[in-house]
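Below: the structure, in structure tokens.
Read the figures in this text as sums done on the coordinates, not as results from a lab. All values derive from a computational prediction rather than experimental measurement. Here the Cβ positions follow ideal geometry from the backbone for every residue, glycine too, while neighbour counts run over all protein chains shown.
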Amino acid sequence: MKIGEISRSSSVPVETIRYYEKIGLLPKPDRDASGYRAYRNMHLDRLLFIKRCRNLDMAQDEIRELIRLSESPEADCHEVDALLARHLNHVRDRLKELANLENTLQQLQKACSDAGTVKECGILGGLSSELEDLHNKHSDHENHVPGTHRPGKN
């Protein structure tokens, strides 16, 4: 398959496929006589695996570790289970962060229940004072940015 074909088959953009090759998640394919990448079914399988992992919000390092573990099919699966447990804990922490975010946004929205001018807007005033509170509250905690969590971190 050429890159366009594997892109269509996997619903993964061409640029993403090239990126996965560049960072080593997807093995580089052989080149045909014309110099085009020649993908095989194993590339498609790997690409679909990566896509499923990304849909579960797994970071590149987590995916890389799962790929490494999958290369030893006879090994004990406790490392796979431990990786998933860490990821699940991370998701639970994020859910708590999102619930706090929802509460904050609801409080801000209540601050502007009356029609008025932008200068009198309770939301904008709340945001101005909330910024300092939020900075102090989260300064010791890692905010979630996709791709920042790694195996071993909750």
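Using each residue's phi in segment 29-45, evaluate 6.51 cos²θ - 1.76 cosθ + 1.60 at θ = phi - 60° and report the 3J(HN,Hα) Karplus result to the nearest Hz, with x for Gly and Pro.
So the Karplus estimates, Gly and Pro as x, are x, 5, 10, 7, 4, 8, x, 7, 5, 10, 7, 10, 4, 5, 5, 5, 4 Hz.
If each of Asp32 and Glu79 carries a label point 7 Å out from its Cα toward its Cβ, how far apart are those two points in nm?
Output for this residue pair reads 3.7 nm.
Cys112 versus Asn100, label points 7 Å from Cα toward the beta carbon: distance in nm?
With each label placed 7 Å out from Cα toward Cβ, I get 2.4 nm.
Along the Cα-to-Cβ line of Asp61, 7 Å from the Cα, sits a label point; which residues in segment 70-114 have backbone N less than 18 Å from it?
Answer for this model: 79-94.
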